[in-house]
1. Charges only on Cβ, +1 for Lys and Arg, -1 for Asp and Glu: so what's the dipole of the range 40-86 about the Cα centre, in debye to the nearest 20?
2. With a ≥ b ≥ c taken as the square roots of the eigenvalues of the C-alpha gyration tensor of the range 40-86, please select rounded if a/c is under 1.5 and otherwise prolate if a/b is larger than b/c or oblate if it is not?
3. So how far apart, in nm, are the two label points at I16 and K44 if each is 7 Å from Cα heading toward Cβ?
4. Counting pairs of alpha carbon atoms under 8 Å apart in space and at least six apart in sequence, what relative contact order in percent does the chain give?
5. Using a Gaussian network model of the chain with C-alpha springs under 10 Å, which one of G50, G42, G15 is most mobile by mean-square fluctuation?
6. I'd like to know which of L13, Y52, Q29 lies farthest towards the positive end of the charge dipole of the chain, counting +1 on Cβ of Lys and Arg and -1 on Cβ of Asp and Glu.
7. Can you give the charge dipole size of the chain about its Cα centre, rounded to the nearest 20 debye, using +1 on the beta carbon of Lys and Arg and -1 on the beta carbon of Asp and Glu?
8. Scan the chain and report its longest stretch carrying no GluC sites (Glu not before Pro) that are both in a DSSP loop and have at most 13 other Cβ atoms within 10 Å.
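Laboratory data are not the source of any read-out in this text; all were calculated from the coordinates shown. Because the structure is a prediction, the values reported are computed rather than measured. Cβ sites come from the backbone with ideal geometry, for glycine too, and all protein chains shown count toward neighbours.
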Amino acid sequence: MEQVAQFLPLIFLFGIFYFLIIRPQQKQQKEHAAMLESLAKGDKILTSGGIYAEIIKVEEDFIKIKLNDTAIVKLDKLYVLKKVDA
């Protein structure tokens with residue numbers, strides 16, 4: 001019984017760590033993955049490099065984005081930070 005009592009603070013700290021750090025991060029990753037799956041032609045996005053662009057074509061792992069009237073670039077989906085409402 002005494003040995004179990006010694007581990008209670010450690011178990012308690014792990015529980016706090018899980019609910020404050022691990023669980024919210026997993027939720028955020030799921031939301032980001034769902035957002036990547038919902039990307040469609042015409043969506044406006046912000047890349048992790050800070051570039052605002054419009055999606056021209058969605059492929060399996062990549063998207064083609066239009067930066068301006070003449071520049072079209074192929075971008076890995078993982079670099080999409082978020083959708084932008086414009």
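1. Rounded to the nearest 20 debye, it is 60 debye.
2. Numbers: a/c = 1.25, a/b = 1.02, b/c = 1.23.
The shape class here is rounded.
3. Spacing of the two 7 Å Cα→Cβ label points: 4.4 nm.
4. Working: 95 pairs, mean separation 19.2, N = 86.
The value is 22 percent.
5. G15
6. Working it through, the farthest residue towards the positive pole turns out to be Y52.
7. Numbers: 12 positive and 11 negative charges, 38 e Å.
Roughly 180 debye, rounded to the nearest 20.
8. Numbers: sites that count: E59, E60.
No qualifying site falls inside 1-58, the longest such stretch.
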